[in-house]
Amino acid sequence: MPKPSDTPARSKRAGSQLTPDAIIEASLRIAARGSEDAFTVRRLGEELGADPTAIYRHFRDKDDLLLSVADRTLGEVLDRIPAGLDWKDRLRALADGSLEVALRYPVVGSTMASRTTRRPNEFRVVELILGAVTEAGLHGAEAAVHYRMVGDSLLAYVGQRAAYLLFAPEIRAADESSWNREYRLVDPEGFPHITRLSGELAEVTDEQIFQARVEALITAIENRVRALSGARSGSLTRHRHTETESTHPARSGEPGS
């Protein structure tokens, strides 16, 4: 019988003992710790106590794993959106949840800002946004364009915020202090607007920026609906006027003859 010291402290699980869900959860645990190596087989093998190559029995490659993990995070976002919200509040809830989850898993949020998962939860997000813009009053190509406007804008912002967290703390501190340092020292003659608003610029918060961005997207949709409605009303009025003139042509000597 071998002595305890001769027995490995941590046995490696075989690929058959792993599941896709277990691997995805391990990736999310690593990502939540702020690590950038959540998708390396070596790091995952350590996290799972498994032979790293066993991961490839469940995912074709690193990119396949990345897309699956990202789609899982979209599910977390969607699960936080209450039922019964109107279209504006659905978009606000989607935005808030997207930012929250991206900041929880920064390497996932930053990577997925320019990717598409092509998986069920992404389909659910697309359906949610399309449903919201349709409820607002947009249809056809207008609905498609404004869906992309909302989706791409949210991805860009939350991806930027997530990527920022991956920088070293001292780099982030230098960036954040610039509004109270370098921007207050610019030449007033060369940069009069910065000089005049330097105090206000230093007080702007990430939350204010995010809320202003989300409300701007909603306002853009409302403005487009009004513009299209006004164009349709004007076209209908002109059509009715043309019909009236053709039905009752002006007589000689009358205005318009």
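The values are calculated or read from the model by the stated rules, or taken from the named source; none is laboratory data. Every value quoted in this text rests on a predicted model; they were computed, and no experiment measured them. Neighbour counts are summed over all protein chains in view; Cβ atoms, including those assigned to glycine, are modelled from backbone coordinates with ideal geometry. Surface areas here come from the heavy atoms of the whole protein model, side chains and all, with no ligands, DNA or RNA. Shrake-Rupley method; radii C 1.70, N 1.55, O 1.52, S 1.80 Å.
The figures follow:
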| item | result |
| --- | --- |
| Filter result (among the hydroxyl-bearing types (Ser, Thr, Tyr), touching a residue at least 60 places away in the same chain (Cβ under 8 Å) and over 14 Å from Glu122 (Cα atoms)) within segment 88-111 | Tyr105 |
| Hits in segment 65-87 (condition: farther than 13 Å from Leu128 by Cβ and in contact (Cβ under 8 Å) with a residue 12 or more places away in the chain) | Leu65, Leu66, Leu67, Ser68, Val69, Ala70, Asp71, Arg72, Thr73, Glu76 |
| Residues within segment 191-213 that are among the charged types (D, E, K, R) and closer than 18 Å to Arg181 by Cβ, tallied | 3 |
| Qualifying residue in segment 169-176 (condition: outside any helix (DSSP H, G or I) and either out of contact with any strand residue (DSSP E or B) (no Cβ under 6 Å at 6 or more places or on another chain) or β-branched (Val, Ile, Thr) (or both)) | no |
| Condition met for Tyr147 (open to solvent by 30 Å² or more (accessible area, probe 1.4 Å), under 27 Å from Glu36 (Cα atoms), modelled with pLDDT of 95 or more and assigned to a helix (DSSP H, G or I)) | no |
| Positions within segment 169-208 being among the β-branched types (Val, Ile, Thr) and surrounded by 13 or more Cβ atoms within 10 Å (Cβ to Cβ), in sequence order | Val186, Ile194, Thr195 |
| Total residues in segment 152-168, condition in a loop (DSSP other than H, G, I, E, B) and surrounded by 11 or more Cβ atoms within 10 Å (Cβ to Cβ) | 2 |
| Test set (1) at positive phi; (2) in a helix (DSSP H, G or I); (3) of a type outside the set (Ser, Thr, Tyr) - Ala102 fails condition number | (1) |
| Residue check, Thr53 modelled with pLDDT under 95 and β-branched (Val, Ile, Thr) | yes |
| Filter pass, Asp89 being in a helix (DSSP H, G or I) and either in contact with a Pro (Cβ under 9 Å, 6 or more places away or on another chain) or farther than 29 Å from Arg226 by Cα (or both) | yes |
| Scan of segment 127-144 for residues that are open to solvent by 50 Å² or more (accessible area, probe 1.4 Å) and not in a helix (DSSP H, G or I), ordered by number | His139 |
| Where a residue in segment 4-30 is at pLDDT below 95 and its partner, wherever it lies, is of a type outside the set (A, V, I, L, M, F, W, C) and open to solvent by less than 80 Å² (accessible area, probe 1.4 Å), with Cβ under 6 Å and at least six apart | Arg10/Gly49; Lys12/Asp51; Arg13/Gly49 |
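Yes/no matrix, rows are residues, columns are (1) in contact with a Cys (Cβ under 9 Å, 6 or more places away or on another chain); (2) over 29 Å from Asn223 (Cβ atoms); (3) surrounded by fewer than 18 Cβ atoms within 10 Å (Cβ to Cβ):
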| position | (1), (2), (3) |
| --- | --- |
| Ser68 | no, yes, no |
| Leu74 | no, no, no |
| Asp79 | no, yes, yes |
| Leu85 | no, no, yes |
| Gly97 | no, no, no |
| Ala102 | no, no, no |
| Pro106 | no, yes, no |
| Arg115 | no, yes, yes |
| Val125 | no, no, no |
